[in-house]
1. Being surrounded by 19 or more Cβ atoms within 10 Å (Cβ to Cβ), in the same structural domain as residue 32 (by TED's automatic domain parsing) and assigned to a helix (DSSP H, G or I) narrows it down to one residue among 268, 254, 170; which is it?
2. Identify, by number, the condition in (1) part of a loop (DSSP other than H, G, I, E, B); (2) touching a residue at least 12 places away in the same chain (Cβ under 8 Å) that residue 211 doesn't meet.
3. Can you confirm whether residue 101 is in the same structural domain as residue 34 (by TED's automatic domain parsing), in a strand (DSSP E or B) and not basic (Lys, Arg)?
4. Only one of these is free of Cβ contacts under 8 Å to residues at least 60 places away in the same chain, on the phi < 0 side of the Ramachandran plot and not assigned by TED's automatic domain parsing to the domain that holds residue 306: 141, 152, 217, 222. Name it.
5. Go through (1) surrounded by 12 or more Cβ atoms within 10 Å (Cβ to Cβ); (2) not assigned by TED's automatic domain parsing to the domain that holds residue 54 one by one and return the number of the condition residue 301 breaks.
6. Would you confirm whether or not the stretch 21-28 contains a residue that is at pLDDT 95 or above and surrounded by fewer than 17 Cβ atoms within 10 Å (Cβ to Cβ)?
7. For residues that are more than 21 Å from residue 222 (Cβ to Cβ) and either in contact with a strand residue (DSSP E or B) (Cβ under 9 Å, 6 or more places away or on another chain) or crowded, with 16+ Cβ neighbours inside 10 Å (or both), tally how many sit in the stretch 142-152.
8. Show the residue pairs meeting these rules: Cβ distance below 9 Å; 6+ apart or different chains; first residue within the stretch 36-54 and of a type in the set (Asp, Glu) and in a loop (DSSP other than H, G, I, E, B); second residue crowded, with 16+ Cβ neighbours inside 10 Å and modelled with pLDDT of 90 or more.
Amino acid sequence: MKLNRIAIGLVVAAFSVIGTARADYPNRAINLIVPNPPGATNDKLGRMLGQWLNKYLKQPVVIENRAGAAMAIGTQYVANSPPDGYTLLLGGASAFVTNPLVRSDLRYNFHRDFKTVALIAKSPMIFLANPSSSFKSMQDVVQTAEKHPGEVMYATAGSGSSLNIATEGLAADAGIRLEHIPYQGSAPAMLAVVKGEVPLMTEVVSGAVAYIKSGQVRGLGVGSAQRLPLLPNVPTVEEATGIKNFRAGTWWSLTVPHATPQPIIEKLRHVVDKILVDPSFQAIFQNDGLTIAAPMSLAETQDYMDSEVKRWATLYKTVESRLAK
């Protein structure tokens, strides 16, 4: 009986400590893992988000870049981290949506290993051309590919990426065949297009807008429902091709390990909601092609993530044979 009372006392004490830890969360520095290299737009998003989390949570937020394997290395690191709210992830569509479709070596599972605190930002994809090429419009691409199947080349940041899948989806809708030239990341792919080594490229707007503004590449069509105020002269893909309801883009989320206590998730969500509607936070990205997300409930956020997983899985099935060629 005495041992039982001691055991019960230890359990009660443990839960008391956990409860206290949740109540005063955070009481030390937080690590925000960005699974991309420094310098990219998503790195900027992570660093700015970290600064605003520090502003509201009153604790340091340390940015760690753990890049590689299309975000898989940093994502796996967070999946293996203690679920205590002190290791956060700037997750993304590549990590949670397209990686599971094209890679058999992933050890993490989105639904099993993570919970999404909030959607942070979105950026549509855009189809680009070297300005000295013969491709002045999306119709030029389609018409040339119809005459020369499989000879029109386009670059992306890698095989099986969301950019690759989306482009093959567009090609399937248009009834054409394109030749994919994969690169090890967006920077070398963009350099190849700027130099004229490859005439076309698919990229997210946030990674392309500076090159468009400087005249180094030409925007042919954007994968959003409407033209972007930032690029008013670039038509939507639907306008440019007549293909109805074509939508392609990426997104970033604040994500935690799955077993993170709900009170911590709720506190983080409450703070992030304030950040997302802060005009000074939104203004940072107004020239980057990023759309800061509107606050959503946890249920709405999860519904959005689930719909994205299903949407990309459906698209992948449509183009899988094209990717395997």
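The values are calculated or read from the model by the stated rules, or taken from the named source; none is laboratory data. Quick caveat: nothing in here was measured; it's all calculated off a predicted structure. FYI the Cβ positions are ideal-geometry reconstructions off the backbone, even for glycines, and counts take in every protein chain you see.
1. 268
2. (1)
3. No.
4. Being free of Cβ contacts under 8 Å to residues at least 60 places away in the same chain, on the phi < 0 side of the Ramachandran plot and not assigned by TED's automatic domain parsing to the domain that holds residue 306 holds for just one of 141, 152, 217, 222, which is 152.
5. (2)
6. Scanning the stretch 21-28 turns up at least one residue that is at pLDDT 95 or above and surrounded by fewer than 17 Cβ atoms within 10 Å (Cβ to Cβ).
7. 2
8. Within 9 Å, no pair qualifies.
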